[in-house]
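In what follows, a single structure is set out as structure tokens and then discussed.
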Amino acid sequence: MSIVQIKNLHRRLNYLADEATTELDRACGHELWKTVGFDAFDGFEDNERRARANYYYGQWQTVRELQDTLG
């Protein structure tokens, strides 16, 4: 993989992480999920809100793992 491709990948991963963070903040109404993790929205009564939070939390975790692996 070339340097340009790696930089583009990092940029896209940062975009996905930012999107997930914004959506999780919106779904939770606060940034508590950053310290509590999955438990912050596991008890949501609204199924759609919980599903959206779960989706974006999974996206956020995947991006973080890829960023850690790529360095």
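Scan region 1-28 and report the pairs whose first residue is free of Cβ contacts under 8 Å to residues at least 40 places away in the same chain and whose second residue is open to solvent by 50 Å² or more (accessible area, probe 1.4 Å) and not in a helix (DSSP H, G or I), with Cβ atoms within less than 9 Å and a gap of 6+ or a chain change.
Close Cβ pairs satisfying both conditions: Thr21/Glu31; Leu24/Glu31; Asp25/Glu31.
How many of the residues in region 29-61 are in contact (Cβ under 8 Å) with a residue 24 or more places away in the chain and basic (Lys, Arg)?
Qualifying residue count for the region: 1.
Yes/no matrix, rows are residues, columns are (1) at negative phi; (2) among the β-branched types (Val, Ile, Thr); (3) modelled with pLDDT of 85 or more:
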site: Val4; (1), (2), (3): yes, yes, yes
site: Asn8; (1), (2), (3): yes, no, yes
site: Tyr15; (1), (2), (3): yes, no, yes
site: Lys34; (1), (2), (3): yes, no, no
site: Gly37; (1), (2), (3): no, no, no
site: Ala40; (1), (2), (3): yes, no, no
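The values are calculated or read from the model by the stated rules, or taken from the named source; none is laboratory data. Note that the coordinates shown come from a computational prediction; the quantities given were computed from them, not determined experimentally. For neighbour counting, all protein chains shown are included, and Cβ atoms are generated from backbone atoms with ideal geometry for every residue, glycine included. Heads up: the accessible areas ignore ligands, DNA and RNA and are worked out on the full protein's heavy atoms, side chains in. Shrake-Rupley method; radii C 1.70, N 1.55, O 1.52, S 1.80 Å.
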